[in-house]
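Contents: one structure, followed by commentary.
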Amino acid sequence: MDVVVGEDGLARPAWADGRGAHGELLRSYYDTEWGMPVRDERGLFERLSLEAFQSGLSWATILAKREAFRAAFAGFDPDVVATYGEGEVARLMQDAGIVRNRAKIEATIRNAGATISLRGEGGLPQLIWSYRPDRTPMPRTMADVPTTSDESRALSRELKRRGFAFVGPTTAFALMEAVGIVDTHLLDSHRRGSSGLWRADGTPVQDGPCE
């Protein structure tokens, strides 16, 4: 088993056991947020942006910088971020509180515009949640947790077609995990099933994403 039982008697994966650098931050995120449904445009744009920045880095690094990212990107308001020009890019490249990667910064601005463009066709939430699978993984160990899926590959392709950047299949799957579209909590974790969207056998509790 890859779960660790903490002093509070609750079982979590090792990455969320509260130990090490940013341990408490990761445990709090795991216990209260990761895998819970997010269905609003701004919330999904934020998580999509943070997952893109995480590419090649640890999630702990991004999570520790989350408030700085929110300040830098106007609370991830797509309407504001889409207006950013070279002056804002230069400012962000000097902001030590975030990940100073020009390609990722420019992708976030581009993705804000792409998010706005989707509004006439149901919006970002409808697009992302339309890739919810018929079953969710049933991992007992961390080795059982996938990093991509048929749905994440399809979502990645569609996002790219719609003008988004830094949205590869792995990033798309991490987003799906983070916002509850799939449940990859280990079966013995105290958080398994906490989203309320999946039955014990891995089938969905409800058919629609926004019911």
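So which residues in segment 1-32 are touching a Gly at 6+ places or on another chain (Cβ under 9 Å), part of a loop (DSSP other than H, G, I, E, B) and more than 14 Å from H190 (Cα to Cα), if there are any at all? Residue satisfying the conditions is G18 alone. Residues in segment 33-43 that are assigned to a helix (DSSP H, G or I) and either under 17 Å from D183 (Cα atoms) or of a type in the set (K, R) (or both): R42 alone.
Conditions tested, residue by residue: (1) of a type in the set (V, I, T); (2) loosely packed, with under 14 Cβ neighbours inside 10 Å; (3) free of Cβ contacts under 8 Å to residues at least 12 places away in the same chain.
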| residue | (1), (2), (3) |
| --- | --- |
| A14 | no, yes, no |
| Y29 | no, no, no |
| D40 | no, yes, no |
| F45 | no, no, no |
| L48 | no, no, no |
| G56 | no, yes, yes |
| P78 | no, no, no |
| A90 | no, yes, yes |
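Among the residues of segment 129-149, what is the count of those that are under 25 Å from A107 (Cα atoms), in contact (Cβ under 8 Å) with a residue 40 or more places away in the chain and either of a type in the set (G, A, S) or loosely packed, with under 15 Cβ neighbours inside 10 Å (or both)? Step through it out loud before you land on a result.
Of segment 129-149, the ones under 25 Å from A107 (Cα atoms) are 129-132, 147-149.
Next, from what is left, pick out any that are in contact (Cβ under 8 Å) with a residue 40 or more places away in the chain: 129-132.
Those left that are additionally either of a type in the set (G, A, S) or loosely packed, with under 15 Cβ neighbours inside 10 Å (or both): 130.
So the answer is 1.
So for segment 116-133 (the condition being among the aromatic types (F, W, Y), over 30 Å from R191 (Cβ atoms) and either outside any helix (DSSP H, G or I) or modelled with pLDDT of 95 or more (or both)), does at least one residue qualify? Walk me through it before giving the result.
Quick first cut of segment 116-133, residues among the aromatic types (F, W, Y) only: 129, 131.
Keeping just the survivors that are over 30 Å from R191 (Cβ atoms) gives none.
Within segment 116-133 (the criterion being among the aromatic types (F, W, Y), over 30 Å from R191 (Cβ atoms) and either outside any helix (DSSP H, G or I) or modelled with pLDDT of 95 or more (or both)), the answer is no, since none of the residues qualifies.
Are any of the residues in segment 114-127 within 18 Å of the chain's Cα centre (by Cα) and over 20 Å from S152 (Cα atoms)? No, every residue in segment 114-127 fails to be within 18 Å of the chain's Cα centre (by Cα) and over 20 Å from S152 (Cα atoms).
Residue by residue, here is whether (1) among the polar types (S, T, N, Q); (2) over 27 Å from A52 (Cβ atoms); (3) in contact (Cβ under 8 Å) with a residue 24 or more places away in the chain; (4) surrounded by fewer than 23 Cβ atoms within 10 Å (Cβ to Cβ) holds:
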position	(1), (2), (3), (4)
A174	no, no, yes, no
V179	no, no, yes, no
D188	no, yes, yes, yes
R192	no, yes, no, yes
A200	no, yes, no, yes
T203	yes, yes, yes, yes
Q206	yes, yes, no, yes
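Taken as a whole, the condition of being touching a residue at least 12 places away in the same chain (Cβ under 8 Å), surrounded by fewer than 17 Cβ atoms within 10 Å (Cβ to Cβ) and of a type in the set (S, T, Y) does not apply to S152.
Kindly evaluate R42 against the criterion of being of a type in the set (D, E, K, R), farther than 25 Å from R192 by Cβ and out of contact with any His (no Cβ under 7 Å at 6 or more places or on another chain).
On the way: of a type in the set (D, E, K, R): yes; farther than 25 Å from R192 by Cβ: yes; out of contact with any His (no Cβ under 7 Å at 6 or more places or on another chain): yes.
Yes.
When residues in segment 54-99 are screened for being part of a helix (DSSP H, G or I) and among the acidic types (D, E), 4 of them pass.
The values are calculated or read from the model by the stated rules, or taken from the named source; none is laboratory data. As the structure is a prediction and not an experimental result, all values here were calculated from the model. Methodologically, a virtual Cβ is constructed for each residue, glycine included, from the backbone with ideal geometry; neighbour enumeration extends over all protein chains shown.
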